[in-house]
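The values are calculated or read from the model by the stated rules, or taken from the named source; none is laboratory data. In this text the structure is predicted, and so the values were computed from the model without any measurement. FYI the Cβ positions are ideal-geometry reconstructions off the backbone, even for glycines, and counts take in every protein chain you see.
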Amino acid sequence: MYKGTGASAGIGIGNAVIVEEKELVIKRETINDPDQEIQRFKGALEESMKQTEALAADLEKRVGEKEAEILKGHIMLLSDPMLVGEIQNNIQNEKVNAEFAIETVCTMYADMFASMGDELMQQRATDMRDIKTRMQKVLLGVESVDIASLPEGTVIVAKDLTPSMTAGINPANVSGIVTELGGRTSHSAILARALEIPAVVALSGILDNVSNGDALVLDGTEGTVLVNPEEPVLKEYQDKREAFLKEKKELEQYIGKPSVTKDGVKVEVVANIGKPEDVDKVLQYDGEGVGLFRTEFLFMDRDSMPTEEEQFEAYRKVAVAMDGKPVIIRTLDIGGDKEIPYMGLKKDENPFLGYRAVRFCLDRKDDVYRPQLRALLRASAYGNIKIMIPLVTCIEEYRQVKALVHEIMAELDKEGIAYNKNIDLGIMVETAAASLIADIFAKEVDFFSIGTNDLTQYTMSVDRGNDKVSYLYSTFNPAVLRSIKRIITCAREAGIMVGMCGEAASDPMMIPLLLAFGLNEFSMSPSAILRARKMITQYSTKELQEVADKAMSFATTAEVENYMREFISK
Ligand code: PEP
Ligand code: MG
């Protein structure tokens, strides 16, 4: 049995498909017969064209015409006579192998496009590199896995999955995900939970122990993986899967029930989403609103920024679907582990401490922040939208965003466009700095939402995705707990709403503590909502005070965790 980190609950049973993006090694070779090599190149060109056409057709059918446009652009590049002619000349004149000629010519073009600076040309550069790799893969016989059309019953095994790869997965065919890297709060893990696919991450070395087609069983709650288990063990896990699905069914009785404690304290259990389509799940699991819409997903998996109009449509759709219930939309939080190639962000030496989130947005007001804030304000006329700013560390950042929001409001007034003039503007409290001055923030902002994923990272100085130091990453660490308690207390004293949208909000061992501290809103993956509601209805906040005091008295993470584990199992 292999042990990693459980990242998405449930039992996954299926056959391994190893998803690997191999680095291509392109060597220069001198060839004797250039004409024959040109024929080899032409064959690869034709095959690449066929592959791209098939991919484009599939994407158009599955996702939409707009998404398929990117691939149609690739087909045009592949059929450009100038490019093809230059590669052939290179083979002929330099007497080099086709792979190398493609490398030389395509890289030359890609670099040229990239140096032109504007976004469209950057994209051309990316496209050029893409078709280069595709042709070289054909020549070298390297197959890439098409993640969208894996066979039914697949368990994906990979070094790591990017968020956009995870988003491309078809949940009907994928029964589990196992990765060597990542953590519970990495974005691919969050997406796996949104797709309700059991997942185990941070399982280093698993690729050396699994081959394509192996029977795999994974437990996304325990974080364990079995390779080719014996029949009785397999049966045991099949039963476990049944039990998991049965519990899921039983929780349905909490649909339509209020989230209220035994002593009558009413809280809200709301949802984290990444795309407008996710509201279907929020409604299915009876979320009382949206506590976090991670808008960066609208910007991912595409070649250029979504326009103000596209964003407006996305935000409006969620606001309308939630029908007056609160919808907290977080402005763009990129950087860190969330890269967007066309944004022209350079790799930071220290991405989690660098140029990201609100820092980046305030630096790119005109092309990035304004269109997003305008779209949000316009959409606010259609529902109960609140705007939330990520990664705030100082009050000046909040004031700058607020000033920008007011500027845009004046603009909209002039244009006669409707919006909610009293829209709430709140912050994520997810840095040590924001936590330490939570009392100051609470006097100025409209609401808090505690981002424990980052708060833990920045409080403990531990990269949330680094499995080598993950033993330090716990929201039950006394330092993190004190921070959480303090943030909630400051908000309650100032009379503003305080929620939590980090993963800790749905942790059964954390919920009793959060109730005792006075948290107003719990935001989580839609599939976790009913279990959280069930827990909330079982407690009385008065009884929980004692539990919280005891939990806060321990010196170590282990003591707190053991105490809470025991408490909830009673
Ligand atoms: C957090 O940091 O807790 C959070 C909710 O934001 P994200 O996971 O997107 O960084
Ligand atoms: Mg965060």
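Looking at ALA434, ALA379, ALA403, which one is closer than 21 Å to CYS361 by Cβ, within 16 Å of ligand 2 (Cβ to nearest atom), at pLDDT 95 or above and assigned to a helix (DSSP H, G or I)? If you could, list the steps in order and put the result at the bottom.
Values: ALA379 fails: within 16 Å of ligand 2 (Cβ to nearest atom); ALA403 fails: within 16 Å of ligand 2 (Cβ to nearest atom).
The match here is ALA434.
In the set LEU514, LEU530, only one residue is closer than 30 Å to GLY10 by Cβ, touching a strand residue (DSSP E or B) at 6+ places or on another chain (Cβ under 7 Å) and either within 16 Å of ligand 2 (Cβ to nearest atom) or among the hydrophobic types (A, V, I, L, M, F, W, C) (or both); that residue is LEU514.
Restrict the check to region 384-391 and report whether at least one residue is in contact (Cβ under 8 Å) with a residue 40 or more places away in the chain and away from ligand 1 (no atom under 16 Å from the Cβ). Within region 384-391 (the criterion being in contact (Cβ under 8 Å) with a residue 40 or more places away in the chain and away from ligand 1 (no atom under 16 Å from the Cβ)), the answer is yes, since at least one residue qualifies. Scanning region 248-288 for residues that are basic (Lys, Arg) and closer than 16 Å to ILE536 by Cβ yields LYS257, LYS262, LYS266. Just one of the listed residues (ASN453, ASN420) is part of a loop (DSSP other than H, G, I, E, B) and either away from ligand 2 (no atom under 16 Å from the Cβ) or under 24 Å from PRO508 (Cβ atoms) (or both), and it is ASN420.
For region 290-339, the set of residues classified as part of a loop (DSSP other than H, G, I, E, B), within 16 Å of ligand 2 (Cβ to nearest atom) and at pLDDT below 90 consists of MET300, GLY336, ASP337, GLU339, listed by residue number. Counting the residues of region 277-301 that are more than 15 Å from ligand 1 (Cβ to nearest atom), out of contact with any Gly (no Cβ under 9 Å at 6 or more places or on another chain) and more than 24 Å from ALA504 (Cβ to Cβ) gives 3. Sub-9 Å Cβ pairs linking a first residue in region 470-488 that is closer than 15 Å to GLN457 by Cβ to a second residue that is of a type in the set (Val, Ile, Thr) and surrounded by fewer than 17 Cβ atoms within 10 Å (Cβ to Cβ), at least 6 apart or interchain, are ASN477/THR556, ordered by first then second residue. The set of residues from region 351-376 being part of a helix (DSSP H, G or I), more than 16 Å from THR307 (Cβ to Cβ) and either in contact (Cβ under 8 Å) with a residue 60 or more places away in the chain or out of contact with any helix residue (DSSP H, G or I) (no Cβ under 7 Å at 6 or more places or on another chain) (or both) comprises PRO351, PHE352, LEU353, ALA357, ARG359, PHE360, ASP363.
Here region 525-570 is the region considered, the condition is being in contact with a helix residue (DSSP H, G or I) (Cβ under 8 Å, 6 or more places away or on another chain), at pLDDT 95 or above and not in a helix (DSSP H, G or I), and the residue that is surrounded by the most Cβ atoms within 10 Å (Cβ to Cβ) is TYR539.
Per-residue answers, yes or no, for (1) polar (S, T, N, Q); (2) within 14 Å of ligand 1 (Cβ to nearest atom); (3) closer than 30 Å to GLY4 by Cβ:
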site	(1), (2), (3)
MET497	no, no, no
ALA505	no, yes, yes
MET509	no, no, yes
GLU521	no, yes, no
MET524	no, yes, yes
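Conditions (1) aromatic (Phe, Trp, Tyr); (2) surrounded by fewer than 20 Cβ atoms within 10 Å (Cβ to Cβ); (3) modelled with pLDDT under 80, marked per residue:
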| site | (1), (2), (3) |
| --- | --- |
| GLU60 | no, yes, yes |
| GLU65 | no, yes, yes |
| GLY85 | no, yes, no |
| ASN89 | no, yes, no |
| GLU94 | no, yes, no |
| LEU120 | no, yes, yes |
| ILE131 | no, no, no |
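Among the residues examined, ALA494 qualifies as modelled with pLDDT of 95 or more, over 27 Å from PHE312 (Cα atoms) and surrounded by fewer than 23 Cβ atoms within 10 Å (Cβ to Cβ). The one condition from (1) more than 19 Å from ARG531 (Cα to Cα); (2) part of a helix (DSSP H, G or I); (3) of a type in the set (S, T, N, Q) that GLN253 does not meet is (1).
Across region 139-164, the qualifying residues are those that are surrounded by 20 or more Cβ atoms within 10 Å (Cβ to Cβ) and in a helix (DSSP H, G or I), and the one among them that is modelled with the lowest pLDDT is PRO163. Could you list, in sequence order, the residues of region 456-495 that are farther than 18 Å from GLY6 by Cβ, part of a loop (DSSP other than H, G, I, E, B) and not polar (S, T, N, Q)? Scanning region 456-495 gives VAL462, ASP463, GLY495. Among the criteria (1) more than 16 Å from ligand 1 (Cβ to nearest atom); (2) more than 22 Å from GLU561 (Cα to Cα); (3) of a type in the set (A, V, I, L, M, F, W, C), the one VAL469 does not fulfil is (2).
Contact map, region 502-524: first residue more than 15 Å from ILE568 (Cα to Cα), second residue of a type in the set (Asp, Glu) and assigned to a helix (DSSP H, G or I), Cβ cut-off under 9 Å, separation 6 or more or different chains; pairs are GLY502/ASP454; MET524/GLU503. Of the set (1) among the charged types (D, E, K, R); (2) buried (at least 19 other Cβ atoms within 10 Å of the Cβ); (3) more than 20 Å from ALA44 (Cα to Cα), all apply to ASP111 but (2).
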